[in-house]
1. Any residue that is out of contact with any Asp or Glu (no Cβ under 6 Å at 6 or more places or on another chain), among the aromatic types (Phe, Trp, Tyr) and surrounded by fewer than 18 Cβ atoms within 10 Å (Cβ to Cβ) - is there at least one of those in segment 211-221?
2. Search segment 209-228 for residues that are at positive phi and pair each with any residue that is part of a strand (DSSP E or B) when their beta-carbon atoms are under 8 Å apart and the residues are at least 6 apart or on different chains.
3. Among the residues of segment 138-150, are any assigned to a strand (DSSP E or B) and of a type in the set (A, V, I, L, M)?
4. Of all residues being of a type outside the set (Gly, Ala, Ser) and not in a loop (DSSP other than H, G, I, E, B) in segment 173-205, which is nearest to Lys150 (Cα to Cα)? Just the residue, please.
5. Among the numbered conditions (1) at pLDDT 95 or above; (2) out of contact with any helix residue (DSSP H, G or I) (no Cβ under 7 Å at 6 or more places or on another chain); (3) farther than 15 Å from Asn206 by Cβ; (4) not hydrophobic (A, V, I, L, M, F, W, C), tell me where Thr118 comes up short.
6. Please specify each residue of segment 83-97 satisfying the condition of being in contact with a Gly (Cβ under 6 Å, 6 or more places away or on another chain) and among the aliphatic types (A, V, I, L, M).
7. In segment 164-189, what count of residues is obtained for those that are among the aliphatic types (A, V, I, L, M) and free of Cβ contacts under 8 Å to residues at least 12 places away in the same chain?
Amino acid sequence: MTTRESISFILHCLAVHFQTKGSEFVCIFVILSHPLYSLLDKGMVLSDWYTIYPDGETPLKVLCDMHTDGGGWIVFQRRWDGSVDFFRNWNAYKTGFGSRLNEFWLGNDNIHIVHKKTPSIRIDLQDFEYTKSFAKYASFQIMGETEKYKLLLGAFTEGNAGDSLTFQNNMKFSTFEQDNDAEASNCAAVYKGAWWYNACHYSNLNGLYLPGQHSTYGVGINWRTGKEYHYSYKHSEMKIRLVGK
């Protein structure tokens with residue numbers, strides 16, 4: 001298939017996304033949820049950064065994962081290579097930070113706006129041995145800043161990573177200088193991250209980027225029901241998809 005033929009093929013897919021199979025493109029039917037339906041209708045079928053309007057007015061650049069589990073996911077957290085420091089303060093997590101090329105946090109204000117319609121959430125993990133795992137939950141929402149971005153999480157639905165997020169449900173977001181957890185100590189300061197800490201965590205996906213096995217307890221990109229507290233994952237992505245338009 002020539003480049004011209006490939007481009008023509010992709011543009012005619014429209015309501016499907018494609019993947020490579022050998023040297024050929026294969027169309028796979030997929031139903032996407034608002035706000036990604038509109039992108040698909042325009043023939044934007046590649047995983048990439050797109051502009052959406054979650055409140056109907058304000059533009060927001062988001063990474064859209066169009067191939068994982070049927071596509072239509074908005075990625076709001078990505079850990080990839082340790083190139084971005086995630087041990088940051090409240091304001092950094094409020095507004096967002098990072099690079100579109102590798103690692104980022106979309107920003108709690110943006111996550112709150114995008115998640116107002118209570119989407120489902122998927123968490124994808126990959127260890128340094130290239131083993132992949134995931135966890136999915138029926139719904140995911142965070143409150144606004146006045147409620148300290150409190151987490152409202154639905155039931156765990158599936159995934160070979162197991163459930164390490166329910167323990168953080170109904171908890172407020174904490175950073176090293178804003179202690180909103182249920183522990184006497186400051187969990188964010190102790191475990192070198194920013195998260196919906198309880199007393200303290202079953203997961204710590206905004207923890208330090210460490211090369212797999214580590215001797216320190218619970219300070220890495222940890223997932224208790226996966227590789228527990230002394231192993232930090234190589235890759236992590238948190239992504240949401242609305243159910244229906």
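The values are calculated or read from the model by the stated rules, or taken from the named source; none is laboratory data. Please read these numbers as outputs of a predicted model, since none were measured by experiment. Note that each Cβ is placed from the backbone with ideal geometry, even for glycine, and that neighbours are counted across all protein chains shown.
1. Within segment 211-221, one or more residues are out of contact with any Asp or Glu (no Cβ under 6 Å at 6 or more places or on another chain), among the aromatic types (Phe, Trp, Tyr) and surrounded by fewer than 18 Cβ atoms within 10 Å (Cβ to Cβ).
2. Correct list of pairs: Gly212/Tyr231; Gly212/Ser232; Gly218/Asn204; Glu228/Asn222.
3. Taking every residue of segment 138-150 in turn, at least one turns out to be assigned to a strand (DSSP E or B) and of a type in the set (A, V, I, L, M).
4. We begin by selecting, within segment 173-205, every residue of a type outside the set (Gly, Ala, Ser); these are 173, 175-181, 183, 186-187, 190-192, 195-198, 200-202, 204-205.
From what's left, not in a loop (DSSP other than H, G, I, E, B): 175, 178, 187, 190, 195, 204.
Working: Thr175: 13, Gln178: 13, Cys187: 16, Val190: 20, Trp195: 10, Asn204: 16 Å.
The selected residue is Trp195.
5. (1) is the only condition that Thr118 fails.
6. Matches in segment 83-97: Val84 only.
7. 1
Conditions tested, residue by residue: (1) buried (at least 23 other Cβ atoms within 10 Å of the Cβ); (2) more than 18 Å from Ser133 (Cβ to Cβ).
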{"residue": "Asn160", "(1), (2)": "no, no"}
{"residue": "Asp163", "(1), (2)": "no, no"}
{"residue": "Lys172", "(1), (2)": "no, yes"}
{"residue": "Trp195", "(1), (2)": "yes, yes"}
{"residue": "Leu208", "(1), (2)": "no, yes"}
